[in-house]
1. Being within 13 Å of ligand 1 (Cβ to nearest atom) and crowded, with 17+ Cβ neighbours inside 10 Å narrows it down to one residue among T52, T62; which is it?
2. What helices (runs of 4 or more DSSP H) completely inside region 391-476 contain at least 1 residues that are aliphatic (A, V, I, L, M) and either free of Cβ contacts under 8 Å to residues at least 24 places away in the same chain or assigned by TED's automatic domain parsing to the domain that holds P124 (or both)?
3. Any chance region 286-299 includes a residue that's over 30 Å from P315 (Cβ atoms) and surrounded by fewer than 20 Cβ atoms within 10 Å (Cβ to Cβ)?
4. Output the residue which, of all residues in region 254-269 that are out of contact with any His (no Cβ under 6 Å at 6 or more places or on another chain) and within 16 Å of ligand 1 (Cβ to nearest atom), is modelled with the lowest pLDDT.
5. Would you confirm whether any residue within region 270-287 is basic (K, R), touching a strand residue (DSSP E or B) at 6+ places or on another chain (Cβ under 6 Å), within 13 Å of ligand 2 (Cβ to nearest atom) and at pLDDT 95 or above?
6. Could we say that I122 is crowded, with 17+ Cβ neighbours inside 10 Å and either within 24 Å of C35 (Cα to Cα) or not assigned by TED's automatic domain parsing to the domain that holds S16 (or both) here?
7. Only one residue in G31, G17 is in the same structural domain as P125 (by TED's automatic domain parsing), over 21 Å from S231 (Cβ atoms) and small (G, A, S). Which one?
8. Which one of the conditions (1) crowded, with 23+ Cβ neighbours inside 10 Å; (2) in contact with a strand residue (DSSP E or B) (Cβ under 8 Å, 6 or more places away or on another chain) does N263 fail to meet, given that it meets all the rest?
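The values are calculated or read from the model by the stated rules, or taken from the named source; none is laboratory data. No experiment lies behind these values; they were computed from the predicted model shown. Glycine gets a Cβ as well: all are built from the backbone with ideal geometry, and neighbour counts include every protein chain shown.
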Amino acid sequence: MTLYEKYPVSISNSLSGNKELFTPAKAPFVGLYSCGPTVYNEVHLGNLRTFTSFDIVFRYLTHIGYKVRYVRNITDAGHLTNDAGVGVDRIEESAKLEQLEPMEIVQKYTTSFHDVCRMFNILPPSIEPTATGHIVEQIDMVKKILENGYAYEVNGSVYFDVRKYNEKHNYGELSGRNIDELLEGTRELDRQDEKRNAIDFAIWKAVSPNHIQRWNSPWGQGIPGWHLECSAMGTKYLGDQFDIHGGGMDLKFPHHECEIAQNVGALGKSPVRYWMHTNMLTVNGEKMSKSKGNSFLPRELFAGSHPLLAKAYSPMAVRFFMLQSHYSSTLDFSNDALSAAEKGFKKLSNALTTLKSLNHPGNGTDDATLAADLKRMVSECYQTMSDDFNTAKTLAVLFEMSSRINDFKSGNLKFAAVSAETFAEFKNTYIAIMEDVLGIKDEESHNQELMDGVIKVLIGLRKKARADKNFALSDKIRDELKGLGVQLMDGKDGEMNYTIE
Ligand code: AMP
Ligand code: ZN
């Protein structure tokens, strides 16, 4: 029996509004898609909350035995400053401001996003497709939508005809918005002459020749509409209908609503079986966002350099802070909450280190009460995670487990009172839930990895210096590292290694 059969997962499906039993279309395979960042600037802590939540979904489903294909895209074209399809292209705007090429902006912020993910122990997805790498697929989708009569072309742009779509389908089914109200509400506000109705949205947008990012299409040069990339890439890698699609609550409308309409309009099928939406990270009750000026960046957190921060916090303390609430609740930032998370993280991570050093001697027999207690906690770890990924409740179980760990260490609990099997199950579960599922790693070992990486970079530079016969530099690197207690050793084949005194 697999863990997912033993502990069936339930998910709050934003489409139905109900918590539903999760049954993948083709178990053990699971298709998971989450909207990735628009790489026009650095991600802030609010964005990271959402990426961390889907990292947990990916990790947990994988841990319990599903074979998950996780697709998280990179938006590197088509995302305008206004979601209604007007405004300027975010990447082009940053490129102008920073005096770089749009693709330099994309490269710079994709690299920075990956660095931040590594720090927060957010795993790379199985596939990380980019919008610019899927222009052909997006043009094909626009063609299909046009063929099916759900879009129209004006001056080289193609708009999705929401009113027409709604004659047969239900625009608003995900967000609960009423189309008549939408039609009413936006008529006056948005004087977009090209569109038949203000709520129509661009699936292909003509751009002027001075727009650097632009592609040829049957309608002239332009860029894909932002919502289109997720429709095209989701179905390309996960099929016409896949299991889970996630994103922040703010993407429900219009982004995800439009995604459904595009898929139905092109392929005749609603793309997603379970929609998941994470709630917002707030500051004093307000959504954290760059435009509100209340967002801080990961590097500001580590340095404690933002006015809202009382001190610096480590990535794992921040990750822990995020896991202390359920993804569907808002999470309010405060220094008190982060300091409390720091303490909680230390407690659980100290227990992890202790547990790793505890080895059962092999000659115990289960005391019925103790064994039942340990087994209850093991199964509660899985029950809470399977219950809509409730990390907050799982952490409460881990705190309980950490007390038992300390009791085994102090001798309050005796190994003789528990069988080796029961202890092993308890130990393995604690380690697996902490490390594999919640992705909480011991910061010491993280620092160790970092140090190892840095020394290897220096070894590489020293090798290069020697190859260039720059012995003054190669000796300087060796001597200065020695001064710090790092002894480099030259191997026979030119390989170098090191020891730390
Ligand atoms: P963006 O790069 O703006 O498309 O955002 C990337 C992801 O972060 C999306 O899934 C957003 O919904 C999410 N997001 C943005 N702001 C917040 C916030 N304050 N709290 C949680 N998630 C957010
Ligand atoms: Zn998306």
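1. Just a single option satisfies the conditions, and that option is T52.
2. 391-410, 443-467
3. Looking for residues that are over 30 Å from P315 (Cβ atoms) and surrounded by fewer than 20 Cβ atoms within 10 Å (Cβ to Cβ), one finds none in region 286-299, hence no.
4. Applying the filter and picking the extreme gives P254.
5. Checked against the condition, which is being basic (K, R), touching a strand residue (DSSP E or B) at 6+ places or on another chain (Cβ under 6 Å), within 13 Å of ligand 2 (Cβ to nearest atom) and at pLDDT 95 or above, region 270-287 yields no hits at all.
6. yes
7. G17
8. The failed condition is (2).
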